[in-house]
Amino acid sequence: MNWIDIVTIMRDEWSIIGILILLLAGEILVDKKQLSMLIPVAIGLFVLHTAMSFIPGDKATLFGGMYRTNEMMHFMKAILNVAVLIILFQSYDWVKTTLLPNGMANAFYLLLFAVLSGMYFLISAGDFIMFFIGFELSTLPIAAMAAFQLKEMRSTEAGIKLVLLAGLASGIMLYGISLMYAVTGTLYFDGFLSAYYHEPLLVFGFILFLSGLAFKISLVPFHFWAPDVYEGAPIAITSLLSVVSKAASVFILMILLLTVFKDLSDAWKMVLYILAVLTMTIGNLFALRQTNMKRFLAFSSIAQAGFILLGILAGGAVGAATVIYFVLIYVFTNLGAFGVIQAIKDESGKEDMTDYTGLYRTNPKLSLVLVLALFSLAGIPPVAGFFGKFFLFSAAAGKGYYILLIIAVINVTISLYYYLLPIRAMLLRTSEHPIPAIRSSNMMRIGLLICVAGIMILGLYSPVYSFVLGLTQSWL
Amino acid sequence: MDILTILIIIPTLTVLALIFAKGQKSYRTISAVGMGIQTVYSIYLLTRYLTERAEAGGETMLFRRTVEWFKPWNINYEIGVDGISVAMIILTAIITLTGVFVSWRVKELPKEFFVSLIVLSTGVFGFFISLDLFTMFLFYELAVIPMYLLIGIWGSGPREYAAMKLTLMLMGASALLLVGILGLYYHSPMVEGHHTFSMMAIAQAPMEHMDQLFFFPFVFVGFAVLGAMFPFHTWSPDGHASAPTAVSMLHAGVLMKMGGYGVFRVALLLMPTAAHEIGWIFMILAGGGILYGAFGALRQTDLKYINAYSSVSHLALVLFALLLMDVVSWSGSVLQMISHGLITALFFALIGMVYERTHTRDVTKMGGLLKIIPFIGMMYVMVGMASLGLPGMSGFAAELAIFVGAFQHSGTLERVLTIMAVLSIVVTAVYILRVVGKMLMGPVTNEAFKQMDKARWYEKTAAIILLACIIGIGVAPGGLYKLINESVTPLIELIQKGAL
């Protein structure tokens, strides 16, 4: 294990840390008047970083097993990069108008990239210490960013709620990890369970550990923090939480359950089954009543997380492939929806569904992006969401989970109702005072365009799924 | 490019042309031209099909093509047609074309209207040529969702409610269908070591009887909801009443037939032993639906509701005949699908024309219209005759075939239901003639109506095309019946072979 290996294998991590250092230096050294220059620099560097992450990675372990990676994990990081990149494009206007005058723009990017680096370590963790470092690093800075919507009480409330509850969740999780350590005597993932897998103390520790992760994925009944935090935080952070953070936690949950905790599967399958049913159903039922678009998408993403659990339950290379594929599509879909909401909020300050009435007459293209995103969320062909859902359900059916499948498809139908509500407001109804025509900035347009491209192409273009399946097959 | 995929390419190109076009008049012209080409092409397909059929050996499906799509799942873009599919394709093309004509003067967001309409028809065409369950399901959902926009934006009355109810019920049905399709995929015997979505493969080797019993209700109900089977028909009256004219035409004329088509192509063909064992439950529902729809229509005073319930009744007859699973009944039910499709499309077109002039659909408020709008009135009388099964019109040929086939079954249940079905003709006659008498004959009740426009060229065109088909099939049903019968016979043979 020499220095060259460390740099090339961990190139994503080094790259993002390099960007962080550059931005930090810029913060300190650059003259205050010229700080606005840092924004395009940050975005430009990140574009390079994302492009570089598409060079395939290899299977490797470092630091005695604390850090491990393979092609699949590398692809997961690439997905996270694309997601953050889209968020960067879409939040550009907001950063420029709200944060920059207060000198917080650079802080935003620093915290954001720190969160992303935490997610890298989370996914590449080879033992529980690295996992916990990644877990904390990918949660706590978001709490600070949640309070960035200055002069709004809800935003500060969101930040505090997140910090407190995240602290609670990680404390419980750490306790669980320590109990598991007490039983097995090792923190390394490799061969973690070996002979101890039915020790009651281990199972107890595992449940506590799972609760911490469930908190981060906002599964029901660990979701209570989500609606208020999602609503209070600025839209960019809501997207970060409900898309990127969720994606990363789902990835590591899947990796851990299918490899490290494989022998405990009769325990966690039952737990996951119940969590899936609760999450899908309650997420849906609550989404029915929401009119604030951020809360609406928050509950929608809670319900979608429930669907993802079906893929993890199915397990195997196929189940894992459907999970990654679905998350990939979910990223583009949700960021598309959030992007539209951000664009509308930037221009008009409105984020309630009733204000969207008649939007199609004044902003046809923007409405259409939201319509496409909503169709994809509902799972309607020919957009990608249909394929993501179908394959997920197919994986679950393949393992015989027909009752769960029936509950899932009933929930899909219920969710269609509330996904049609914004469409109803925008297209079916007209208003005396609709939101006037919005001219989005180029950055926002690029962000939205990437999302639309993803939504339209990722489903119909079959090599994407085959590629993902190849990754999981070589992993398992 | 193969002969069948062009059926999807033409509407897609039309949609693209619409998206880039500008100007009110151009939208309807592009749509009319596009659908006109599609109609001509489907007739060309028919001629090619007939020549191929004459030469072909024992192949049930012609013009087949398989393109690998998702290899890991063994999902393929697999297409092919037989006589039944070709007939349904021509039906769809004609109704879409006449629907475009009837919508000639749509005022609000015309571009979006025609785009939605043609996207819908693309879904339908894709549905009828699909031989792979996944592909068929994709096209099925593609056809359902534009309904929400079409009814919600361009409809009348409680359109939001009707649109939402229709969409949720149909998508709920497709959710059940999804469960059934996945069941078919995983429980049918594997082909070359893989599960398959291919309908042809599964038909040759159906799954275990116990598995069939579990999944048959899902697939049957999934399609039967679209076919407005009692008691899942409740989306239909409100949906039809609130929809704009062309949408009602397409929906009652074509989409509901997709339900019937799906029932026999997927539910009955791929799970025949379950159909034999538990089909009687659904037969009772269908048989009940025939009379329920007829009596429901009897009570209505709103023209569209009358026609909607009438459609429920006629489609229940189709489902009933399909469940009998013999050659004559099946041929009759396909013929009825086509015949009723044309008849109901013409009905809705005429109702739309009347509504546009009188601004009411209430029969009690109208009278003596035959004097004021003679063309429309006369057309209405003729299509009414067709609907109650007057010989010389397509309805008679279809219903005759169904009843002949039904009477061959001597079981008590089948006998009772058949007799009920035949009695429904009387009820149909009552509500049709009552409307004709009340609305068209007699003195003019509302003086203001005397100023109404006579029928315009595009309305006449649509009506004449549809009526010509109805009379053509009625006077010379042999050709169409042979087309259908030739394709039904091997299917029934396959079912009966599997049942042994």
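Rule-based calculations on the coordinates, nothing more; no lab input. Keep in mind the model is a prediction, meaning the values are calculated, not measured. Every residue, glycine as well, gets a Cβ built from its backbone with ideal geometry; the counts of neighbours run over all protein chains shown.
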Spin-label zone in segment A:221-256 - amide nitrogen under 13 Å from a point set 7 Å from the Cα of residue A:453 along the C-beta vector: none
Listed pairs A:345/B:165; A:33/A:350; A:262/A:389; A:32/A:216; A:216/A:389; A:96/B:111 exceeding 27 Å between Cα atoms: A:345/B:165; A:33/A:350; A:32/A:216; A:96/B:111
Relative contact order, percent, of segment A:326-471 when contacts are C-alpha pairs under 8 Å separated by at least 6 residues? 41 percent
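Rank by packing, highest mean first: peptides A:314-321, A:188-195, A:401-408, B:4-11, with packing defined as the count of other Cβ atoms within 10 Å averaged across residues. Working shown, then result.
Details: A:314-321: 22.4, A:188-195: 15.2, A:401-408: 18.6, B:4-11: 20.2.
So the peptides A:314-321, A:188-195, A:401-408, B:4-11, ranked by packing, come out A:314-321, B:4-11, A:401-408, A:188-195.
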Taking every residue in A:416-429, how many Cβ atoms of other protein chains lie within 10 Å of its Cβ, on average? 4
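Compute, for chain B, the length of the dipole vector about the Cα centre, with Cβ point charges of +1 (Lys, Arg) and -1 (Asp, Glu) only. Units Debye, rounded to 20. Show your work: numbers first, answer last.
Details: 30 positive and 28 negative charges, 392 e Å.
Computed about the Cα centre, the dipole is about 1880 debye.
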Applying the gyration tensor rule to the Cα atoms of chain A (axes a ≥ b ≥ c; rounded if a/c under 1.5, else prolate if a/b exceeds b/c, else oblate), the class is oblate
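Ranked by Cβ crowding within 10 angstrom, fewest neighbours first, how are A:419, B:458, A:120, A:67 ordered?
On the way: A:419 24, B:458 17, A:120 28, A:67 20.
Fewest to most other Cβ atoms nearby, the residues stand as B:458, A:67, A:419, A:120.
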Determine the shielding of peptide A:379-385 by partner chains: average, over its residues, the number of Cβ atoms on other chains within 10 angstrom of each Cβ. 4
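Using the Cβ atoms and a cut-off under 11 Å, what net charge is assigned to the surroundings of residue B:273, where Lys and Arg are +1 and Asp and Glu are -1? Walk me through the numbers on the way to the answer.
On the way: positive: none; negative: B:208, B:211, B:277.
Result for the neighbourhood of residue B:273: -3.
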Which of B:59, B:78 has the fewest Cβ neighbours within 10 Å, and the rest in rising order: B:59, B:78
Neighbourhood net charge (13 Å Cβ-Cβ; Lys/Arg +1, Asp/Glu -1) for residue B:119: -1
Pairs B:304/B:438; B:107/B:454; B:460/B:482; B:365/B:450: which are spaced more than 24 Å apart, C-alpha to C-alpha? B:460/B:482
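Would you list B:469, A:451 from fewest to most Cβ contacts within 10 Å? Write down the numbers at each step before the final one.
Values: B:469 24, A:451 27.
By the 10 Å Cβ count, ascending, the order reads B:469, A:451.
Using a 10 Å cut-off around each Cβ of peptide A:457-470, what is the average number of partner chain Cβ atoms that fall inside? The partial results should precede the final answer.
Working: counts 0, 0, 1, 2, 0, 8, 2, 1, 6, 4, 0, 1, 4, 1.
Mean shielding by partner chains, rounded to a whole number: 2.
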Taking the dipole of the protein assembly as shown about the Cα centre (Lys, Arg +1; Asp, Glu -1; charges at Cβ), the one of B:193, A:453, A:168 that reaches farthest to the positive side is A:453
For a Förster distance of 56 Å, can you work out the FRET efficiency between the beta-carbons of residue A:54 and residue B:208, rounded to the nearest 0.05? 0.75
Note down the net charge around residue B:464, summing +1 for each Lys or Arg and -1 for each Asp or Glu among other residues with Cβ under 15 Å from its Cβ. +2
Checking rank on B:146-154, A:259-267, B:424-432, with mean other Cβ inside 10 Å and highest first, the result is B:146-154, B:424-432, A:259-267
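Quick one: if the Förster radius is 51 Å, what FRET efficiency do residue A:7 and residue A:151 give, using the C-beta to C-beta distance and rounding to 0.05? Walk me through the numbers before you get to the answer.
Details: r = 44 Å, r/R0 = 0.85.
About 0.70, to the nearest 0.05.
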Residue A:198-residue A:278 pseudo-label distance in nm [points 7 Å out on the Cα-to-Cβ vector]: 2.6 nm
Could you tell me which residue out of B:126, B:97, B:54 lies farthest along the dipole of segment B:1-139 toward its positive end? Charges go on the beta carbon: Lys and Arg +1, Asp and Glu -1, centred on the Cα centre. B:97
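Return the calculated 222 nm mean residue ellipticity for chain B, to the nearest 500 deg cm²/dmol, obtained by summing -39500 (n - 2.57) across DSSP H runs with n ≥ 4 and dividing by the residue count.
Numbers: 21 runs with 361 residues, N = 500.
Mean residue ellipticity, 222 nm, calculated: -24500 deg cm²/dmol.
Would you mind putting B:491-497, A:330-336 in packing order, based on average other-beta-carbon counts within 10 Å, highest first?
Working: B:491-497: 16.4, A:330-336: 28.0.
Ranking, from highest mean packing down: A:330-336, B:491-497.
Compute the FRET efficiency between residue B:26 and residue B:48 as 1/(1 + (r/R0)^6), taking r as their Cβ-Cβ distance and R0 = 30 Å, and round to the nearest 0.05. Could you put the intermediate results ahead of the total?
Working: r = 32 Å, r/R0 = 1.06.
Calculated transfer efficiency: 0.40.
Would you calculate a helix-derived [θ] at 222 nm for chain A, using -39,500 (n - 2.57) for each DSSP H run of n ≥ 4 and dividing by the full residue count, to the nearest 500? Spell out each step's value before the answer.
Numbers: 21 runs with 340 residues, N = 476.
So the helix-based figure for chain A works out to -23500 deg cm²/dmol.
How large is the charge dipole for segment A:266-476, taken about the Cα centre, if only the Cβ atoms of Lys, Arg (+1) and Asp, Glu (-1) carry charge, to the nearest 20 debye?
Numbers: 14 positive and 7 negative charges, 35 e Å.
Using Cβ point charges on Lys, Arg, Asp and Glu, segment A:266-476 gives about 160 debye.
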Phi to ³J(HN,Hα) by Karplus 6.51 cos²θ - 1.76 cosθ + 1.60 over segment A:43-54, Hz, x for Gly, Pro: 5, x, 4, 5, 4, 4, 4, 5, 4, 5, 6, 7
Within segment A:435-476, backbone nitrogen closer than 19 Å to the virtual label 7 Å beyond the Cα of residue A:186 toward Cβ: none
